[in-house]
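To start, the structure itself, in structure tokens.
The values are calculated or read from the model by the stated rules, or taken from the named source; none is laboratory data. No experiment lies behind these values; they were computed from the predicted model shown. Here the Cβ positions follow ideal geometry from the backbone for every residue, glycine too, while neighbour counts run over all protein chains shown.
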Amino acid sequence: MVGASTHPSASEPLSGATLLSWCSGTDKSACYGYLRGVAETESAKNAISCPGSATPDQVVTAMHNYLVGNPSVLALPATILAADALRQAFPCSKTSR
């Protein structure tokens, strides 16, 4: 094997550790794209956060800080962690919905 990939196979769930590596690198586009997908999916279920006018950098920073602050969860599926981090960082107000 030439080098280890930070991308899981299609059948392997993305872990918090992999998401942390995406949110820590110089090119954070994979991190933001992943978080946007989670946010849109959860929003369609009316279940999560209201990042509203948050910038991509603010969203990525919130995820990075969540993962760094909770190292014991890095083995968990990234979808669960992303939903929790976004909910905590960008809670909806009653007037947001």
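Could you list, in sequence order, all residues of the stretch 44-83 that are in a loop (DSSP other than H, G, I, E, B) and modelled with pLDDT of 95 or more?
Here is the first cut: in the stretch 44-83, the ones in a loop (DSSP other than H, G, I, E, B) are 45-55, 70, 74-76.
Passing the criteria: Asn70, Leu74, Ala75, Leu76.
When Leu86 is tested against (1) modelled with pLDDT under 85; (2) assigned to a helix (DSSP H, G or I); (3) in contact with a Ser or Thr (Cβ under 8 Å, 6 or more places away or on another chain), just one condition goes unmet, and that condition is (1). Selection of first residues in the stretch 60-86 that are surrounded by 14 or more Cβ atoms within 10 Å (Cβ to Cβ) and of second residues that are of a type in the set (A, V, I, L, M) and not in a helix (DSSP H, G or I), restricted to Cβ pairs under 6 Å at least 6 apart or on distinct chains, gives the following pairs, ordered by first then second residue: Ala78/Leu14; Ala83/Ile48; Leu86/Ile48.
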